[in-house]
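Heads up, the thing below is written out as structure tokens.
The values are calculated or read from the model by the stated rules, or taken from the named source; none is laboratory data. The shown structure was predicted, so the numbers you read here are calculated from the model rather than taken from an experiment. Here Cβ is always computed from backbone atoms with ideal geometry, including for glycine, and neighbour counts include all displayed protein chains.
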Amino acid sequence: MEAEAVAWLVCQRNGVTSRSKDYLSSLIENADFSKVSMYAIFEAANRVESRTVPPSLK
């Protein structure tokens with residue numbers, strides 16, 4: 001769930017359409033949110049974004 005949330009967040013921040021939202025919606029019913037780290041999600045998203053080139057600079 002965390003990995004998919006990272007994918008969704010990175011796509012949302014960068015204007016990329018993805019199907020992550022649909023997949024995450026299907027996971028919510030069975031999710032144990034005590035085991036989901038929002039810190040890990042945001043940290044991973046920031047790391048992914050720091051390693052990509054913005055479209056305006058390509």
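Below are the figures for this structure:
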| read-out | value |
| --- | --- |
| Single residue of the range 5-36 satisfying the filter (among the hydroxyl-bearing types (Ser, Thr, Tyr) and in contact with a helix residue (DSSP H, G or I) (Cβ under 6 Å, 6 or more places away or on another chain)) that is surrounded by the most Cβ atoms within 10 Å (Cβ to Cβ) | Ser20 |
| Within the range 1-27, tally of residues that are part of a helix (DSSP H, G or I) and either of a type in the set (S, T, N, Q) or farther than 17 Å from Arg47 by Cβ (or both) | 9 |
| Subset of the range 37-58 (residues that are part of a loop (DSSP other than H, G, I, E, B) and either surrounded by fewer than 10 Cβ atoms within 10 Å (Cβ to Cβ) or modelled with pLDDT under 90 (or both)) | Arg51, Thr52, Val53, Pro54, Lys58 |
